1. Which of the residues spanning region 53-67 are touching a strand residue (DSSP E or B) at 6+ places or on another chain (Cβ under 8 Å) and open to solvent by 70 Å² or more (accessible area, probe 1.4 Å)?
2. Among what's in region 39-62 and is among the small types (Gly, Ala, Ser) and under 15 Å from the mean Cα position of the chain (by Cα), pick the residue that is nearest to Leu13 (Cα to Cα).
3. Restricting the search to region 14-52, which residues are among the small types (Gly, Ala, Ser), open to solvent by 20 Å² or more (accessible area, probe 1.4 Å) and at pLDDT 85 or above?
4. Among the residues of region 80-103, which ones are modelled with pLDDT under 95 and aliphatic (A, V, I, L, M)?
Amino acid sequence: MLELFYDHNHHLLLGTFRSILTPGDLKLFDDTERRLVVEVGMRRGILDLAGVTAIAIPDTLLRLRGRTAQTAFGQQRAVVATRPDTYALARASADQQHHFEPFIVTSLDEALALLGVEAPHFHRVY
């Protein structure tokens with residue numbers, strides 16, 4: 001399951017993933033990110049995997065996704081990964097991104113701090 005939030009003041013998209021992480025969740029995040037880039041311009045992003053209980057994504061899809069050009073190229077990103085399997089997923093994806101590797105952190109607060117975001121005001125977009 002995926003919930004998406006956006007903070008207009010900080011131009012920050014937050015994807016909060018829960019339960020089983022599926023290819024459909026990643027597609028929804030990517031589609032929403034593309035729409036926001038068109039509507040409001042380039043923006044930063046956080047993928048919060050802290051609520052993921054299982055991963056149902058083939059390695060081939062992860063490698064392909066990691067090699068695909070970023071929608072918001074050059075914008076800072078962070079991945080919150082609190083479990084060994086979500087950390088491995090984030091690391092494998094990041095290793096494929098040669099141009100702009102995301103921060104991989106263990107808490108949302110850490111991600112916000114690394115992105116220089118104080119007092120975010122997220123509203124739900126999905």
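The values are calculated or read from the model by the stated rules, or taken from the named source; none is laboratory data. Everything numeric here is computed off the predicted structure, so don't read it as measured data. Methodologically, a virtual Cβ is constructed for each residue, glycine included, from the backbone with ideal geometry; neighbour enumeration extends over all protein chains shown. For accessibility, only protein heavy atoms count, side chains too; no ligands or nucleic acids. Shrake-Rupley method; radii C 1.70, N 1.55, O 1.52, S 1.80 Å.
1. Thr53
2. Gly45
3. Scanning region 14-52 gives Ser19, Gly24, Ala50, Gly51.
4. Matches in region 80-103: Ala88, Leu89, Ala90, Ala92, Ala94.
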